[in-house]
1. Name the residue from 134, 25, 76 whose Cα lies farthest towards the positive end of the charge dipole of region 9-144, charges +1 on Cβ of Lys and Arg and -1 on Cβ of Asp and Glu.
2. On full extension of the chain, what length is gained from residue 5 through residue 115, given 0.36 nm per residue of separation minus the C-alpha to C-alpha distance?
3. What does the extension gain come out to for residue 142 and residue 15, with contour length at 0.36 nm per residue minus their alpha carbon separation?
4. What is the calculated FRET efficiency for residue 29 to residue 135, with r their C-beta to C-beta distance and R₀ = 35 Å, to the nearest 0.05?
5. Quick check: at a probe of 1.4 Å, how many percent of the accessible area of region 60-130 sits on carbon and sulfur atoms?
6. Calculate, in nm to one decimal, what residue 104 and residue 151 gain on full extension: separation in residues at 0.36 nm each, minus their alpha carbon distance.
7. Please check which bits of region 52-78 a label hung off residue 97 would reach, taking the label as a point 7 Å along Cα-to-C-beta and the cut-off as backbone N under 16 Å.
8. Could you tally the net charge around residue 135, taking each other residue with its Cβ under 10 Å from the Cβ of residue 135, Lys/Arg +1 and Asp/Glu -1?
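The values are calculated or read from the model by the stated rules, or taken from the named source; none is laboratory data. All of these numbers come straight from a predicted model, not from anything done at the bench. Neighbour counts run over all protein chains shown; Cβ positions are idealised from the backbone, glycine included. Accessible surface is based on the protein model in full, side chains and every heavy atom, while ligands, DNA and RNA are left aside. Shrake-Rupley method; radii C 1.70, N 1.55, O 1.52, S 1.80 Å.
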Amino acid sequence: MPTTIFRFPAELLAQPMIESNPLVHKLALDFLERNFTHLDRTMTARVRLAVDRALVESSADIGTVARMLTVGERSLQRALAAEGTTFTAILDTARRDIAYRLLCETDISVGRITTLVGLREQSALTRVVRRWYGATPQQIRTEARRRLSDRAGTESPWPLSNSSADARSG
């Protein structure tokens, strides 16, 4: 069934709970907030949010994301198929968006970006960036800096690396 409903008599909700556990209450609220904040949100949108979080916290594989959403892997795959997508497509899009943002908006090394988007080797990042944008990561970064410089009209609009900032402040 696409919907689960619990029905309680209204008077039951008004009664005080004997021996209530605040920790269990917090865990239940956290679970509901994480999984049912927007009931109208598509599974695709929920998976994308979970993938973004998983890329930051651990690895963004289907097992991890299914556990985050408290659904089985196969159920997750069926729900995504019903929406016309796959887990792999969502993961690819998430990696593409994060990589582009990191290349264009930060001074993080390409090697570190590779790790942050969940790829094992820098060459893998280079291949997927070429597939996504038809350019290398360095070309994407250089073009973004050029555009930013043209808009800002300044000599060096890019954030200083930590070592440069330390050298200037010390």
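1. 134
2. On the way: separation 110, 0.36 × 110 = 39.60 nm, distance 4.18 nm.
Gain on extension, residue 5 to residue 115, equals 35.4 nm.
3. Values: separation 127, 0.36 × 127 = 45.72 nm, distance 6.40 nm.
Result for the pair: 39.3 nm of gain on full extension.
4. It comes out at approximately 0.15.
5. Numbers: 1850 of 3760 Å².
Ligands and nucleic acids excluded, carbon and sulfur reach 49 percent.
6. Values: separation 47, 0.36 × 47 = 16.92 nm, distance 1.42 nm.
Gain on extension, residue 104 to residue 151, equals 15.5 nm.
7. Correct set: 52-57, 60.
8. Working: positive: 130, 141; negative: 143.
That sum, taken over residues with Cβ under 10 Å, equals +1.
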